[in-house]
Amino acid sequence: MDGVAVALASWPSASTVLPRRFVFVASAPRRLVARRAMAADGEQGQRSLGLDGVETEPANPPQDPDGAAATADHRRRPISDASRIGKKLKAVSIKRFFSAVSGYEQTNAIAKGGDGNETEEPVQEAQTENAPQAQGMQIEEGDDIIKEFNQDHIISDPGLRIPIQRFHPNIRDQVKRAYLLKGPTQLKGHTFPHRLCGSNDYRSFQESWFTKYDWLEYSVAKDAAYCFYCFLFKEQPSDGQFGYDAFTKLGFNTWKNAYKVLPLHVGSVNSHHNDARNACADFKNQRTGVDRKFQTYGKDSEIRYKIRLTTALDSAKYLIKQGLSFRGHDESSSSLNKGNYLEMIDSYKEKNEDVRIAFDELCPENAQMLSPDIQKDLVKACAQEVTKVIMGEIGDCRFSVLIDESRDISIKEQMAVVVRFVNSKGNVVERFLGLKHVKETSSEALKKAFVEMLGSHKLPIARIRGQGYDGASNMRGEFNGLQKQIRDDNPYAFYIHCFAHQLQLVVVAVSECCAGIKDFFDYVNLVVTNVGASCKRKDLLTEKHRDNILDRLDSGEILSGRGQHQMTSLVRPGDTRWGSHFNTLLRIESMWDAILPVLIFVNKEKRYANNAGGLVHIMESFNFVFIMKMMLKLFRITNELSQCLQRRDQNIIQAMSLLVDVKARLVDLRSNGWEKLFAEVQAFCDAKNIEIPSMDAPRPRWGRSRQEKGIMVTEEHHYRVDTFYAAVDAINTEMNHRFNEVSSDLLVCFSCLDPRDSFSKFNVDKLVKLARIYHADFSGDDLSNLKDQLETFILHVRRVDDFTGCRDFGSLAVKMVETERHMMFPLVYRLTELALLLPFATASVERVFSVMKIIKTERRNKMDDDWLNDLMICYNEKEIFKGIDNEAVMKRFQALKHRRLNLPRPARHT
C-alpha cells in the first residue's frame with residue numbers, strides 16, 4: 001500500500017479519465033480507500049485494482065465471438081505474481097505503473113528541505129497547462145479516436161454529439177470542461193413538434209420540464225431528450241439499469257410516459273444518474289482532486305498565484321481593448337522586444353515590488369502565466385464572460401439576426417452574426433454574437449454554420465423574428481437562399497433587404513444611368529489615380545491645398561474653427577463603400593484649386609506618357625462642372641438617408657418615413673430644381689474662369705455625329721432633359737424598384753403604431769391583422785382581447801401627456817417601460833417589440849468586418865479561428881467588456897482547464 005501512496009503523488013487529477021479510473025477517498029488518518037470506477041465502453045476486459053490495492057480480474061470477463069464467457073470463473077481472483085503485472089504494463093514498480101497509465105510525470109512535488117520545510121520543485125509549464133501526453137501507453141479503441149481537442153467537437157445538439165469514449169483519454173477532461181462551461185442544451189422558446197403516441201394521441205416535449213429537471217437536454221435533430229450528466233460521467237451500466245441507452249445514446253421521446261420516466265431516471269440517492277451528478281460536482285471542484293491531497297500549496301503560494309494571474313489579466317485586457325498583438329518575434333529573455341504581453345508584464349514588475357517577487361523569486365515554472373496557451377485562455381475567459389452578459393440581456397426574448405460574410409487577410413471566408421433584440425428597458429440593442437469560418441458560401445453551408453452558432457448559444461431558430469442580409473443571391477434568394485431556408489424552419493423570420501445596401505445600389509445605378517454620367521465617373525477615377533499615384537504627387541496636393549486654405553482664411557472667404565479645414569486627400573469611389581461617391585466629389589470640389597496644379601505638374605514630367613494634360617481640359621469644361629454639381633445635389637439628398645440608416649438605434653418605421661421624405665425631395669428637385677442648379681453651376685464656372693456655352697446653341701445628342709440628320713438639340717435640352725431629368729428619373733425609378741418592401745402588408749400594418757401626430761395612422765383592424773400574421777406570438781385568447789386592448793390604449797395615450805413627445809417606435813417602447821404601460825397593455829407592447837425587431841440595415845455587421853481588419857492584420861495573419869473570434873467579441877463589445885469584473889474572469893479561467901494552483905479562498909465575514 002505504501003507503493004500506491006507514493007505513486008499517487010504523480011496522479012494528474014481526480015477527474016482525469018483513464019482506461020481504468022479510480023476515485024480515492026481519505027476515510028481515516030493514514031489510510032486510503034480506493035474505489036474502482038467502471039471502465040469506459042469496450043474496456044471491460046482490463047484488470048483493475050481491488051479495495052485492498054491488489055490487482056484483480058474483472059467481474060465480467062471478455063466474451064468470445066459466440067457470446068459465451070471467455071472463462072467460467074467470473075469471480076475476482078487475486079494476482080500475486082508481480083512479474084505478470086510488469087509484463088502486462090511494462091513497468092517494474094507501481095509508481096511506473098501509474099506513470100505509464102496517466103502519461104503524467106510528477107510535477108511541482110512537495111519535497112522536504114534540509115531544514116524540514118517544504119520546497120517547490122518546478123517543471124515545465126507546458127506539461128501542466130496542456131493535456132498530458134501518454135507515455136508508453138497504447139490506446140486500443142480503434143482508429144477513430146480523436147487525439148487533438150478542437151472547439152468544433154463541442155456540439156450543442158445532444159443527439160449529434162461525439163461520444164466521450166471516442167476522445168483520447170488525454171483530452172477527455174478538456175472536452176468535459178468545455179461541455180460544462182456551456183451547460184445543458186435547453187432551448188427555451190423553441191416550437192417542439194408533436195409526435196404520435198398511441199392510436200390518435202399527439203404529444204410533444206414540454207418546455208416546463210427544463211425548469212423541473214436541470215439535467216434535461218433536448219435534441220432538435222432527433223426530437224428526443226437526453227441527460228447531460230449521464231452523457232459526461234456515465235458508468236458502465238449494470239444489469240437492469242433503467243434508461244441507460246435512452247438518455248445517453250438513443251434519446252427518449254415517448255412523451256406520453258415522460259411524467260413517470262423522467263423521475264425514474266433520476267432514481268434514488270445512489271442511482272447511476274445521481275452518481276454521475278456527484279462525479280460532475282467532484283470534477284468541477286479542483287480543490288478535491290487527488291493531486292491536491294498529495295501536492296499541497298500554502299496560502300502564500302495561492303496569493304502569489306493570484307497576483308500573477310491578476311497582472312496577466314490586466315495586461316491581456318489592455319491589449320484586447322486596443323486591438324494590439326500579444327506575441328513577439330523573439331520572446332527569449334535576452335530579447336529587446338519580447339512582444340506586447342511579456343513587455344507589459346515586465347513593466348508591471350518594475351513598478352510593483354510584490355508583482356516582481358511573485359513572478360521572479362517565488363514562482364514555480366509551471367504557473368508563470370506567460371505561455372501562449374495562458375494568453376489564449378485569458379482571452380477566451382474574457383470572451384465567454386462577455387457572451388454570458390449578452391445572453392443574459394437576450395434572456396427569453398425574441399430576436400432578429402444580421403448576417404454577412406467577408407474574406408480576412410488569410411483569404412478565409414468569415415461569417416459574422418449580429419443579433420438584434422429589445423432589452424428590458426425598451427431599447428433596441430444589437431450585439432455581436434460571433435465569427436465563424438465557413439469553407440464555402442453556399443446557402444446550405446451558411447445555414448449549417450448559422451444553426452451551429454445559434455445552437456452553441458442555446459438560441460432556437462423558432463425565436464427569430466427577422467433577417468437582414470445584403471443582396472447576394474446565396475443570402476436573399478427567393479427559392480434556395482439562406483433567408484428562404486430559415487423561413488422554411490420559421491415562417492415568422494421575415495426578411496428585409498438591407499436598406500443601406502439598396503441605397504448604395506441606387507447610387508451605383510444612377511452613376512451609370514446615361515453615357516455622359518458614366519464617362520464623368522471614369523474621368524473622376526482617372527483624376528484620383530493621376531493625383532495620388534506617388535508620394536511626391538500626394539505631398540504636392542497637400543501643400544497646394546494648405547496654401548489655398550491659408551489664402552482664403554486671410555481674405556475672410558472662409559472662417560476658422562475647431563475640426564475644420566483638416567488635412568485630406570482624394571478617395572476613390574467604390575461600389576460597396578457607402579457614401580464613397582459623395583465623398584470623392586466633395587473632395588474634388590473643395591480641392592479644385594490644388595488638383596489642377598498637380599495635374600499640370602504631372603503633365604510636365606516627360607519620363608513617361610500620361611493623360612494628365614487631357615484631364616485638365618476635361619475638368620475645366622462646363623460639362624464636367626455641371627455633372628459634378630448635379631450629382632452632389634442628388635447625393636446630398638440620399639446621403640442623409642444613408643447616415644440615418646447606419647445608426648444602431650434606428651427602426652424600420654422611422655427608416656420608411658425617411659425614405660418617403662427622400663422620395664418627396666427628389667420629386668420636388670425634378671419640378672423646381674433646375675434653375676437653382678444651373679445658377680450654382682454658373683457661379684462656380686465664373687469663379688474658376690470656365691467658359692459657359694450658350695444654352696440656345698445646337699449640339700448633337702450624346703454619342704452621335706454632327707453629320708447625322710435629325711439628331712441636333714440645344715445645349716439646354718442636352719443638360720436639362722438628357723442629363724438632369726434623366727438622372728432624377730433614374731434615381732426615382734431605382735428607389736421605387738429597390739425599396740418595394742415599403743408597400744408590403746407587413747410594414748403597412750406596422751406603420752399604424754407610428755406615434756407621430758398623436759397616432760394619426762392608428763388602425764385597430766390592421767393591427768389585429770398584424771397579430772394574425774404573427775399568430776405564434778398571440779394565443780387565441782390574446783387575439784380575442786387584442787381589439788379591446790387597442791381601443792383602450794389609443795384613448796389612454798391620447799389623453800395623457802406622457803406620450804406627446806414620442807416620435808418613433810423606439811421612444812414609444814422606452815416610454816411604455818418607463819411608465820409601466822407595457823404591463824398595462826402587454827399585447828400592444830408585444831406588437832411594438834416586433835416592429836422594433838425588424839432589421840433594415842446591416843451596418844453593424846459591416847462594422848464587425850472593419851474591426852476584423854484591425855485585429856487580423858498582415859503581420860497577424862496566422863491566428864486561428866477561435867483566437868480571432870474571442871478577440872473580436874471583446875473588441876466589438878467594449879462597453880460590456882470594460883464592465884466585466886476580474887474575479888468573474890479569473891474564476892472562468894480556472895474552470896477552463898485543470899490548473900496546478902487554486903485561487904485563495906475568499907475571506908469569511910463574521
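The values are calculated or read from the model by the stated rules, or taken from the named source; none is laboratory data. Keep in mind that this is a model prediction, so the values were computed, not measured. Note: ideal-geometry Cβ built from the backbone for every residue, glycine included; neighbour counts use all protein chains shown. What goes into the accessible areas is simple: the full protein's heavy atoms, side chains included, and nothing from ligands, DNA or RNA. Shrake-Rupley method; radii C 1.70, N 1.55, O 1.52, S 1.80 Å.
Each row is one residue, and each column tells you yes or no for (1) modelled with pLDDT of 85 or more; (2) open to solvent by less than 30 Å² (accessible area, probe 1.4 Å); (3) of a type in the set (G, A, S).
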position: N130; (1), (2), (3): no, no, no
position: I145; (1), (2), (3): yes, yes, no
position: I164; (1), (2), (3): yes, yes, no
position: Q174; (1), (2), (3): yes, no, no
position: S208; (1), (2), (3): yes, no, yes
position: Y213; (1), (2), (3): yes, yes, no
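Filter region 328-345 down to the residues that are exposed (fewer than 15 other Cβ atoms within 10 Å of the Cβ) and either out of contact with any helix residue (DSSP H, G or I) (no Cβ under 8 Å at 6 or more places or on another chain) or in contact (Cβ under 8 Å) with a residue 12 or more places away in the chain (or both), then identify the one that is nearest to C874 (Cα to Cα). Let's see the steps before the verdict.
Step one: filter region 328-345 for residues exposed (fewer than 15 other Cβ atoms within 10 Å of the Cβ), giving 329-330, 332-337.
Then drop every residue that is not either out of contact with any helix residue (DSSP H, G or I) (no Cβ under 8 Å at 6 or more places or on another chain) or in contact (Cβ under 8 Å) with a residue 12 or more places away in the chain (or both), which leaves 329-330, 332-336.
Numbers: H329: 24, D330: 27, S332: 29, S333: 30, S334: 32, S335: 30, L336: 29 Å.
Ranking the candidates gives H329 first.
Which of the residues belonging to region 822-836 are under 29 Å from the mean Cα position of the chain (by Cα) and β-branched (V, I, T)? Give the steps one after another, and end with the answer.
Taking region 822-836 and keeping what is under 29 Å from the mean Cα position of the chain (by Cα), we get 829-836.
Answer for region 822-836, where residues must be under 29 Å from the mean Cα position of the chain (by Cα) and β-branched (V, I, T): just T832.
Is it true that E405 is more than 23 Å from K878 (Cβ to Cβ), open to solvent by 40 Å² or more (accessible area, probe 1.4 Å) and touching a residue at least 24 places away in the same chain (Cβ under 8 Å)? Walk me through how you get there before you give the answer.
Values: more than 23 Å from K878 (Cβ to Cβ): yes; open to solvent by 40 Å² or more (accessible area, probe 1.4 Å): no; touching a residue at least 24 places away in the same chain (Cβ under 8 Å): yes.
When the stated conditions are applied, E405 does not pass them.
Would you point out which residue out of L615, L634 is hydrophobic (A, V, I, L, M, F, W, C) and within 20 Å of N732 (Cα to Cα)?
On the way: L615 fails: within 20 Å of N732 (Cα to Cα).
Testing whether each residue is hydrophobic (A, V, I, L, M, F, W, C) and within 20 Å of N732 (Cα to Cα) leaves just L634.
For region 825-910, which helices (runs of 4 or more DSSP H) that fit wholly inside it have 3 or more residues that are touching a helix residue (DSSP H, G or I) at 6+ places or on another chain (Cβ under 6 Å) and assigned by the TED database to the domain that holds F759?
Working: elements: 826-837, 843-855, 865-876, 878-882, 886-896.
Of the helices (runs of 4 or more DSSP H) lying wholly inside region 825-910, those with at least 3 residues that are touching a helix residue (DSSP H, G or I) at 6+ places or on another chain (Cβ under 6 Å) and assigned by the TED database to the domain that holds F759 span 826-837.
From the list V797, V728, V814, V721, which one is out of contact with any helix residue (DSSP H, G or I) (no Cβ under 9 Å at 6 or more places or on another chain), touching a residue at least 40 places away in the same chain (Cβ under 8 Å) and among the aliphatic types (A, V, I, L, M)?
Numbers: V797 fails: out of contact with any helix residue (DSSP H, G or I) (no Cβ under 9 Å at 6 or more places or on another chain); V728 fails: out of contact with any helix residue (DSSP H, G or I) (no Cβ under 9 Å at 6 or more places or on another chain); V721 fails: touching a residue at least 40 places away in the same chain (Cβ under 8 Å).
Going through V797, V728, V814, V721 in turn, just one is out of contact with any helix residue (DSSP H, G or I) (no Cβ under 9 Å at 6 or more places or on another chain), touching a residue at least 40 places away in the same chain (Cβ under 8 Å) and among the aliphatic types (A, V, I, L, M): V814.
I need a count of the residues in region 694-704 that are in a loop (DSSP other than H, G, I, E, B), at pLDDT 85 or above and touching a strand residue (DSSP E or B) at 6+ places or on another chain (Cβ under 8 Å).
Step one: list which residues in region 694-704 are in a loop (DSSP other than H, G, I, E, B), which gives 694-697, 701-704.
In the following step, the residues that additionally are at pLDDT 85 or above were identified as 694-697.
Subsequent filtering for residues that are touching a strand residue (DSSP E or B) at 6+ places or on another chain (Cβ under 8 Å) retains 695-697.
Here the count works out to 3.
Hey, can you tell me all the residues within region 367-396 that are open to solvent by 30 Å² or more (accessible area, probe 1.4 Å), under 18 Å from the mean Cα position of the chain (by Cα) and under 30 Å from H497 (Cβ atoms)? Steps first, please.
Restricting attention to region 367-396, the residues satisfying the condition of being open to solvent by 30 Å² or more (accessible area, probe 1.4 Å) are 368, 370, 372-373, 376, 380, 384, 388-389, 391-393, 395-396.
Add one more test, that the residue is under 18 Å from the mean Cα position of the chain (by Cα), and what stays is 376, 380, 384, 388-389, 391-393, 395.
Selection gives M391, E393, G395.
Restricting attention to region 845-856, which residues are crowded, with 17+ Cβ neighbours inside 10 Å and either more than 22 Å from V419 (Cβ to Cβ) or of a type in the set (V, I, T) (or both)?
Those that are crowded, with 17+ Cβ neighbours inside 10 Å and either more than 22 Å from V419 (Cβ to Cβ) or of a type in the set (V, I, T) (or both): V845, V848, V851, I855, K856.
Could you list all residues from region 518-550 that are among the β-branched types (V, I, T), surrounded by fewer than 19 Cβ atoms within 10 Å (Cβ to Cβ) and either farther than 18 Å from V616 by Cα or not assigned by the TED database to the domain that holds G703 (or both)?
Answer for region 518-550, where residues must be among the β-branched types (V, I, T), surrounded by fewer than 19 Cβ atoms within 10 Å (Cβ to Cβ) and either farther than 18 Å from V616 by Cα or not assigned by the TED database to the domain that holds G703 (or both): just T542.
Determine whether region 387-402 contains at least one residue that is under 17 Å from D314 (Cα atoms) and either among the polar types (S, T, N, Q) or touching a residue at least 12 places away in the same chain (Cβ under 8 Å) (or both).
Within region 387-402, the subset under 17 Å from D314 (Cα atoms) is none.
No, there is no match, as no residue in region 387-402 is under 17 Å from D314 (Cα atoms) and either among the polar types (S, T, N, Q) or touching a residue at least 12 places away in the same chain (Cβ under 8 Å) (or both).
So, in region 857-868, exactly how many residues are within 24 Å of G183 (Cα to Cα) and surrounded by fewer than 19 Cβ atoms within 10 Å (Cβ to Cβ)? Full working, then the answer.
Start the filter on region 857-868 by keeping residues that are within 24 Å of G183 (Cα to Cα), which leaves 865-868.
Checking the rest, the ones that are also surrounded by fewer than 19 Cβ atoms within 10 Å (Cβ to Cβ) come to 865-866.
Count: 2.
Restricting to region 392-437, name every residue that is β-branched (V, I, T) and under 19 Å from S844 (Cβ atoms). Reasoning before the result, please.
At the first step, the residues of region 392-437 found to be β-branched (V, I, T) are 394, 401, 403, 409, 411, 417-419, 422, 428-429.
Passing the criteria: I394, V401, I403, V417, V418, V419, V422, V428, V429.
Does any residue of region 462-471 turn out to be in a helix (DSSP H, G or I) and either open to solvent by 40 Å² or more (accessible area, probe 1.4 Å) or not assigned by the TED database to the domain that holds F192 (or both)? Reasoning before the result, please.
At the first step, the residues of region 462-471 found to be in a helix (DSSP H, G or I) are 462-463.
Of the ones still in play, those that are also either open to solvent by 40 Å² or more (accessible area, probe 1.4 Å) or not assigned by the TED database to the domain that holds F192 (or both) are 462-463.
Yes: region 462-471 contains one or more residues that are in a helix (DSSP H, G or I) and either open to solvent by 40 Å² or more (accessible area, probe 1.4 Å) or not assigned by the TED database to the domain that holds F192 (or both).
Are any residues in region 644-658 in a helix (DSSP H, G or I), closer than 15 Å to T842 by Cβ and open to solvent by 20 Å² or more (accessible area, probe 1.4 Å), and if so, which ones? Working first, answer last.
Our first condition is that a residue be in a helix (DSSP H, G or I); within region 644-658, this holds for 644-645, 652-658.
Next, from what is left, pick out any that are closer than 15 Å to T842 by Cβ: 644-645, 652, 655.
C644, the sole residue that qualifies.
Within the bounds of region 675-690, is there any residue that is over 28 Å from I595 (Cα atoms) and part of a helix (DSSP H, G or I)? Walk me through how you get there before you give the answer.
Of the residues in region 675-690, the ones over 28 Å from I595 (Cα atoms) are 675.
Cutting the leftovers down to part of a helix (DSSP H, G or I) gives us 675.
Within region 675-690 (the criterion being over 28 Å from I595 (Cα atoms) and part of a helix (DSSP H, G or I)), the answer is yes, since at least one residue qualifies.
Go through the residues of region 578-589 one by one and say whether even a single one is within 22 Å of V616 (Cβ to Cβ), open to solvent by 50 Å² or more (accessible area, probe 1.4 Å) and either modelled with pLDDT under 75 or part of a loop (DSSP other than H, G, I, E, B) (or both).
Within region 578-589, the first condition is being within 22 Å of V616 (Cβ to Cβ), and the residues that meet it are 584-589.
From what is left, the residues that are open to solvent by 50 Å² or more (accessible area, probe 1.4 Å) are 586-587.
Now drop any that are not either modelled with pLDDT under 75 or part of a loop (DSSP other than H, G, I, E, B) (or both), which leaves none.
The answer is no, given that none of the residues of region 578-589 is within 22 Å of V616 (Cβ to Cβ), open to solvent by 50 Å² or more (accessible area, probe 1.4 Å) and either modelled with pLDDT under 75 or part of a loop (DSSP other than H, G, I, E, B) (or both).
Sort through N474, N480 and tell me the only one that's outside the structural domain of M656 (by the TED database), outside any helix (DSSP H, G or I) and either more than 25 Å from R720 (Cα to Cα) or touching a residue at least 12 places away in the same chain (Cβ under 8 Å) (or both).
Details: N474 fails: outside any helix (DSSP H, G or I).
Going through N474, N480 in turn, just one is outside the structural domain of M656 (by the TED database), outside any helix (DSSP H, G or I) and either more than 25 Å from R720 (Cα to Cα) or touching a residue at least 12 places away in the same chain (Cβ under 8 Å) (or both): N480.
Please specify each residue of region 424-441 satisfying the condition of being closer than 21 Å to M816 by Cβ and buried (at least 16 other Cβ atoms within 10 Å of the Cβ). Spell out how you get there, then give the answer.
Start the filter on region 424-441 by keeping residues that are closer than 21 Å to M816 by Cβ, which leaves 424-430.
Of everything in region 424-441, those that are closer than 21 Å to M816 by Cβ and buried (at least 16 other Cβ atoms within 10 Å of the Cβ) turn out to be G426, V428, V429, E430.
Just checking, which of I496, I549, I517 is of a type in the set (A, V, I, L, M) and not in a helix (DSSP H, G or I)? I'd like the intermediate steps shown before the answer.
Working: I549 fails: not in a helix (DSSP H, G or I); I517 fails: not in a helix (DSSP H, G or I).
Checking each option against the conditions leaves just I496.
As an exercise: evaluate M823 against (1) at pLDDT below 90; (2) surrounded by fewer than 18 Cβ atoms within 10 Å (Cβ to Cβ) and give the number of the one condition it does not meet.
Going through the list (1) at pLDDT below 90; (2) surrounded by fewer than 18 Cβ atoms within 10 Å (Cβ to Cβ), M823 breaks only (1).
Just to be sure before I move on: is Y341 under 26 Å from N869 (Cβ atoms), touching a Ser or Thr at 6+ places or on another chain (Cβ under 8 Å) and aromatic (F, W, Y) in the structure I sent? Can you show your working first?
Numbers: under 26 Å from N869 (Cβ atoms): yes; touching a Ser or Thr at 6+ places or on another chain (Cβ under 8 Å): yes; aromatic (F, W, Y): yes.
Judged against the criteria, Y341 is a match.
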